[in-house]
Amino acid sequence: MHASSTRRHLLNATAAALLGFGLLAGAQAQVKSVAVTAIVEHPSLDAIRDGVKAVLEENGFKGDKLKWQYQSAQGNTATAAQIARKFIGEKPDVIVPIATPSAQAVVSATKEIAVVYSGVTDPVAAQLVKSMDASGTNVTGVSDAVALADQIELIKKIVPNAKRVGMVYNPGEANSVSVAQELKRLLPQYGLELVESNAPRTVDITAATRNLVGKVDVIYTNSDNNVFSALEALIKVANEAKIPVISSVTDAVKRGATAALGIDYYDLGRQSGQMVVRILNGEKPGAIPSETGKKLELFINPGAAKNQGATLPEDLVKSAKEVVQ
């Protein structure tokens, strides 16, 4: 073989190798990375996570085209901060923090990586965004806020003679503080007043609920993560004391609350997932306005109502999306 021919073969082999490497690099570049973290595991937050993943898969981000990570902080804010730092160090394309404490941990730790928060009731009070408009920053997301006037109307329908509404919540959770403040403002317009009972830790839920016995006619629960991690403890006290429990989280009804008018958290996850897909496809998070959950649903539990001394109006039961037996 002539030297020139040998040189040609070598050049062709080198070119082929470089082309192969380029194709491999291109394939690797197509792999997107999404890191999801939640403050705690409970059915509502798990449903958000599952909704996000379902939408990613439906849009082709699955298998070897997606690096998916999920970590729970197990209710610990210090752990939430550690997870945030770990994920940021790995530089994923998008971080999805679920619930306020996890979202605050992530947003305070990065100004570069795209963040899509989910399951945050008041993202403005939590200082994730300045308003619900496009932020111009690395942050967007979906709130699980529900109109409190609708919640109060539900309370009035189920406990028409109520005067005092009890609320157990974690004073360290911005969402819950925001809801309590708004209830204090709104309830007097309906002839009601709020009685608060603080539960900074999940182990405080039983004592905090007992503290309301004899002082309130109904207990209202928002999406407070401490409460939902130990909801059965609150329900047990409410059943013993015959106090109806009404919630803004529909999953509470399956776990023993009388009724809930709230967001479908799987749908909320899907809504959040659509935002993640838009970012993976090239949109800037700061150009996407924050959103609020779109579907409100009424869940009713007649057995729980009986346990808690409440009588459910027939028309209310008929209007429920789901009657839990």
Which of T258, T209, T110 fluctuates most in a GNM of the chain (C-alpha springs under 10 Å)? That residue is T110
At q = 0.16, 0.22, 0.23 Å⁻¹, work out log10 I(q)/I(0) for region 145-224 with the Debye formula, treating every Cα as an identical point scatterer and leaving solvent out; two decimals please.
-0.55, -1.03, -1.11
On a 20 Å Cα-Cα criterion, which of the cross-link pairs K53/K111; K91/K284; K67/K91; K254/K318; K67/K294 come out too long?
K53/K111; K67/K294
In order through region 263-274: 3J(HN,Hα) via Karplus (6.51 cos²θ - 1.76 cosθ + 1.60), integer Hz, x for Gly, Pro:
6, 7, 6, 5, 5, 4, x, 5, 4, 5, x, 4
Pairs of Cα atoms under 8 Å, at least six residues apart: use those to get the relative contact order of the chain, whole percent.
19
Which of A103, N281, T79, positive extreme of dipole for the chain (C-beta unit charges)
N281
Among all the aspartates and glutamates, which ones have a C-alpha under 18 Å from K236's C-alpha, if same-chain residues fewer than 8 places away are not counted?
D204, D217, D224, D251
Report, ordered by chain and residue number, the lysines lying within cross-link reach of K184, taken as a straight Cα distance under 18 Å and ignoring same-chain residues fewer than 8 apart.
K156, K163, K215
Any residue on another chain or 5+ positions along whose placed amide H is under 5 Å from the amide H of T221 is listed here as I246, S247, S248
How many Å² of accessible area per residue for the chain, probe 1.4 Å?
45
Calculated from DSSP helices alone, with each H run of at least 4 adding -39500 (n - 2.57) and the total divided by the residues of the chain, [θ]222 nm to the nearest 500 comes to -13500 deg cm²/dmol
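Write down Rg/Rh for the chain, rounded to two decimals, with Rg from the C-alpha atoms and Rh from the Kirkwood relation over Cα pairs.
On the way: Rg = 24.4 Å, Rh = 21.3 Å.
Rg/Rh: 1.15.
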How many angstrom separate the Cα center of region 143-222 from the Cα center of region 29-91?
31
16 Å Cα-Cα reach of K65 towards aspartates and glutamates, excluding residues that sit fewer than 8 places from it in its own chain
E57, D93
Pairs of Cα atoms under 8 Å, at least six residues apart: use those to get the relative contact order of region 48-148, whole percent.
21
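Quick one: with all protein chains in place, what share of the accessible area of the chain is carbon or sulfur, to the nearest percent (1.4 Å probe)?
52
The values are calculated or read from the model by the stated rules, or taken from the named source; none is laboratory data. Keep in mind that this is a model prediction, so the values were computed, not measured. Every residue, glycine as well, gets a Cβ built from its backbone with ideal geometry; the counts of neighbours run over all protein chains shown. Ligands, DNA and RNA are stripped out before the accessible areas are found, and what is left, the full protein with its side chains, is counted by its heavy atoms. Shrake-Rupley method; radii C 1.70, N 1.55, O 1.52, S 1.80 Å.
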